[in-house]
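Right, one structure below, let's go through it.
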Amino acid sequence: MLLFARYAELFGAERLELDLPDGATVADLVSALRELPGGVALPALPFVAVAHQRATPEMILPEGVELAVLPPLAGG
Amino acid sequence: MYLRHAQLDLAALIAQVATPERGALVTFVGLVRDHHGGRAVAGLEYSAYGAMAEARCGEIVARAEREWPVRVALAHRVGTLAVGDAAVIAVVASAHRAPAFDACRWVIEAVKSEVPIWKRERYRDGGEGWVDPTASGGFQPTVKP
């Protein structure tokens with residue numbers, strides 16, 4: 001998945017690969033991230049984008065689409 | 001392309017949407033402020049999730065043009081900006097002023113709340129920090145849709 005801005009700094013990477021079981025949800029992805037080094041600073045419900053759309057925590061992660069975890073937006 | 005690495009060009013954006021039948025033109029230009037939270041800002045850097053930001057900007061423009069009888073030109077800077085640089089410009093043209101004002105306000109609030117762009121400020125005291133609008137309570141759009 002892709003990481004940006006402050007979250008890329010937290011994990012020291014702009015792209016991470018995680019092994020999650022089939023049927024894993026957005027919430028499972030966030031839980032796995034929070035267990036990584038640097039992950040404690042991630043909020044419990046960050047903005048997760050699946051194929052450029054905001055995903056709900058219970059959404060099952062589809063295969064082969066772009067995932068991204070986004071810090072609070074600050075454009076404009 | 002809505003994200004620009006070069007200086008934003010207000011005249012070029014106006015030219016995208018101004019026509020003789022559109023008698024009202026409303027522009028919003030967001031500039032880099034020299035202070036934030038009591039600290040003097042020296043400059044800042046905008047970064048973006050490029051593909052998603054382009055898609056969101058396109059949707060915002062399309063939604064505004066569906067909701068109001070307007071045409072919208074929109075651009076947002078990324079990269080390193082100095083105090084006083086234009087960070088974002090929205091230009092809205094319409095036959096009359098009311099929809100142009102309403103749509104322009106809605107577009108800029110939608111950009112702030114939906115487009116994945118981040119701002120890292122450099123302060124005159126030497127510090128740096130990511131700006132988090134949710135930390136101090138952000139503005140919520142009040143204009144339709």
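Computed from the coordinates by the stated procedures, all read-outs in this text should not be read as laboratory data. This structure is a prediction, so every number in the text was calculated from the model and none was measured. For neighbour counting, all protein chains shown are included, and Cβ atoms are generated from backbone atoms with ideal geometry for every residue, glycine included.
Per residue of peptide B:111-117, the mean number of Cβ atoms on other chains within 10 Å of the residue Cβ is 5. Remark: segment A:28-42, residue by residue, has Karplus-estimated 3J(HN,Hα) of 5, 4, 5, 4, 5, 5, 5, 8, 6, x, x, x, 4, 7, 6 Hz, where x stands for each Gly or Pro and the curve is 6.51 cos²θ - 1.76 cosθ + 1.60 at θ = phi - 60°.
The angle between the Cα long axis of helix B:50-67 and the longest principal axis of the Cα atoms of chain B comes to about 40 degrees, rounded to the nearest 10.
If we count other beta carbons within 10 Å of each Cβ, what is the order of B:V17, B:V107, fewest first?
Details: B:V17 18, B:V107 29.
Least to most surrounded, the residues fall as B:V17, B:V107.
Going by how many other Cβ atoms sit within 10 Å of their own, how do B:K119, B:K112 line up, fewest first? Please list the in-between numbers first.
Details: B:K119 22, B:K112 19.
By the 10 Å Cβ count, ascending, the order reads B:K112, B:K119.
Backbone geometry of segment B:71-77 corresponds, through the Karplus equation with coefficients 6.51, -1.76 and 1.60 at θ = phi - 60°, to 3J(HN,Hα) couplings of 10, 10, 10, 9, 8, 10, 6 Hz, x marking Gly and Pro. Helix B:97-114 and the longest principal axis of the Cα set of chain B meet at an angle near 40°. Amide H contacts of A:F47: A:L70, each under 5 Å away and 5 or more positions distant or on a separate chain (H built 1.01 Å from N in the peptide plane; Pro and chain starts excluded).
Given an 8 Å cut-off on Cα distances and at least 6 residues of separation, report the relative contact order of chain B as a percent.
34 percent.
For the protein assembly as shown, the residue among A:G23, B:L13, B:P133 whose Cα projects farthest onto the positive side of the dipole built from Cβ charges is B:L13.
For B:V29, what charge total do you get from the other residues with a beta carbon under 13 Å from its beta carbon, if Lys and Arg give +1 and Asp and Glu give -1?
Details: positive: B:R33, B:R77; negative: B:D9, B:D85.
After counting each charged neighbour, the total is 0.
As a proxy for reagent exposure, ranking B:R97, B:R22, B:R56 by other Cβ atoms within 10 Å from fewest up yields B:R97, B:R22, B:R56. Go ahead and set up a Gaussian network model of chain B, Cα springs under 10 Å, then flag whichever of B:A87, B:A55, B:A103 fluctuates most. Answer for the Gaussian network model of chain B: B:A55. Counts of other chain beta carbons within 10 angstrom of each beta carbon in peptide B:84-90 average 1.
Averaged over the residues of B:44-57, the number of partner chain Cβ atoms lying within 10 Å of the residue Cβ comes to 4.
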